[in-house]
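Asks: I have a structure I would like to understand better, so I am pasting it below and will then ask my questions one at a time.
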Amino acid sequence: MPHLVLEYSGNIRDAVDPERLFRELHRALAPIGGFRPQDFKSRAVRMDQYLVGDGSREQSFVNLDLRTFAGKNPETTAALSEAALRVLADAFPGTLRETACDISVQVTLLDRPSYARTRSQESTQQAERPPATPGTPETPALADTPALPAPSAV
């Protein structure tokens, strides 16, 4: 955590370099939110099917959804939004100048008890663990979490 999901309309004027942009966002957001750089999971999605306002191709958008666990105070979430907005505005100057562009940031606070995940390291550890021997203590519950099944061929 956190997850950054960047969506942008296909008519933006600036070239998008997701790796560079996400590195800048990670640097700006980590100290504010108390995030470790290695915990960011970021992706960018160009939207070619969209409608903004009346449908004019001169209207564009850039939206960043920053997903993190609930518990941050309103001042911190506002600071995260403002810092991300500054980075995005700097990354899309041509789009802001040449189109009617809305750049927005939203912070989505996730309910920790409803968030579930597995990690490849944990799945590998479980797969390599020998079968339990009767009469031995249980291993920690996390290690007992089954790995997600492999996708089936269609």
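Asks: Where both residues lie in the range 3-114, what percent of DSSP beta bridges are antiparallel, nearest 5?
Replies: Given both bridge residues lie in the range 3-114, the antiparallel proportion sits at roughly 25 percent.
Asks: Ordered by packing density, taken as the mean number of other Cβ atoms within 10 Å over each peptide's residues, highest first, how do 4-10, 89-95 rank?
Replies: Details: 4-10: 19.0, 89-95: 16.1.
Answer by packing, highest mean first, reads 4-10, 89-95.
Asks: In what sequence, highest mean first, do 29-38, 98-107 appear when ranked by Cβ atoms within 10 angstrom? Each step should come with its number before you reach the end.
Replies: Working: 29-38: 14.0, 98-107: 17.1.
Going from most to least packed, we get 98-107, 29-38.
Asks: Now a separate question. Using a Debye calculation, one point per C-alpha and no hydration shell, please list log10 I(q)/I(0) for the range 3-114 at q = 0.13, 0.21 Å⁻¹ in order.
Replies: For the requested q values the scattering log ratios are -0.50, -1.13.
Asks: Which order do the peptides 74-84, 58-68 take when ranked by the mean count of other beta-carbon atoms within 10 Å per residue, highest first?
Replies: 58-68, 74-84
Asks: Report the FRET efficiency, 1/(1 + (r/R0)^6), for residue 110 and residue 48, where r is their Cβ-Cβ distance and R0 is 30 Å, rounded to 0.05.
Replies: 0.60
Asks: Hey, another quick one. Between residue 121 and residue 39, what length in nm is gained on full extension when 0.36 nm per residue of separation is reduced by their alpha carbon distance?
Replies: 28.0 nm
Asks: For labels at residue 90 and residue 76 in the simple 7 Å Cα→Cβ model, what's the distance in nm?
Replies: Roughly 2.4 nm, to one decimal.
Asks: Something else: Given R₀ = 25 Å, what would the calculated FRET efficiency be for residue 98 paired with residue 69, taking r from the Cβ atoms and rounding to 0.05?
Replies: Working: r = 38 Å, r/R0 = 1.52.
That gives a FRET efficiency of 0.10.
Throughout, read-outs are computed from the coordinates displayed, never taken from laboratory work. Values in this document were obtained by computation on a predicted structure and should not be read as measured data. Cβ atoms come from the backbone with ideal geometry, glycine included; neighbour counts cover every protein chain shown.
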